[in-house]
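Below: one structure, written as structure tokens.
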Amino acid sequence: MNIGSSPSQASPSFTGSIDITRTAFQMQQTLTGPDGEATRTLMVDAVEVNIQIDGKFAGRVLQDSMADKLNAAFAAVGMDTTVDSLQQSATDFSPQATAQRIVNFSTSFFGSFQQNHADEAGQSQASNFAVMIKGAIEEGFASAQDILVGLGEIAPDIQAGINETFELTMQGINSFLEQQSQEQGEAEDPTSIV
């Protein structure tokens, strides 16, 4: 059985599948008690459920959870900002593209963060901003992971993609912080401007 079909697309795509196997069999059980041994026959009805989750669906869950966590983090620091829908039919859900979208979106609010924290030094602003968005991203990934695990077993290649997306996202935030540090150093040292 396929679940989560999307009939609005030209060809439906499925977010997952469920295989259910029902088996009935007899089992002999020997009981020992004060009156001796007794044998009884039990009818056993077993059901095995196997759930597979599509990689694109996993990517969408990850992004939705990330958007919720980023919205909460931005609101917590007084930024009047929300995440627009990232879901488009042509969206690339590869680890590289997903990580780049997360990094681009989250770092795009640095200017607002700076305005709300004008009393902090430049490098301190960048560091505190990076800590805030990394925390939101970590929460988002953890929440998305919990959602996916709750839906069923995550295929190893999907888990590898999630892990790669997380690592690339953290690398992107670190690169942003390094860039801010270099720009701050140039702004403080007028002789470095050629």
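The values are calculated or read from the model by the stated rules, or taken from the named source; none is laboratory data. Everything quoted here is computed from the prediction, not taken from an experiment. To get the accessible areas, we keep the full protein, side chains included, count just its heavy atoms, and leave off ligands, DNA and RNA. Shrake-Rupley method; radii C 1.70, N 1.55, O 1.52, S 1.80 Å.
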Accessible area (Å², 1.4 Å probe, nearest 10) - Phe93: 40
From phi via Karplus (6.51, -1.76, 1.60), per-residue ³J(HN,Hα) for the stretch 155-172 in Hz, x at Gly/Pro: 4, x, 5, 5, 4, 4, x, 5, 4, 5, 4, 4, 4, 5, 5, 5, 4, x
HN-Hα J in Hz across the stretch 38-43 - Karplus 6.51, -1.76, 1.60, θ = phi - 60°, x for Gly and Pro: 9, 10, 9, 9, 10, 9
Amide H partners (placed H, <5 Å) of Phe93, local residues excluded: none
Table column - 3J(HN,Hα) (Hz), the stretch 134-140, Karplus curve with 6.51, -1.76, 1.60, x for Gly and Pro: 5, x, 5, 5, 4, 5, x
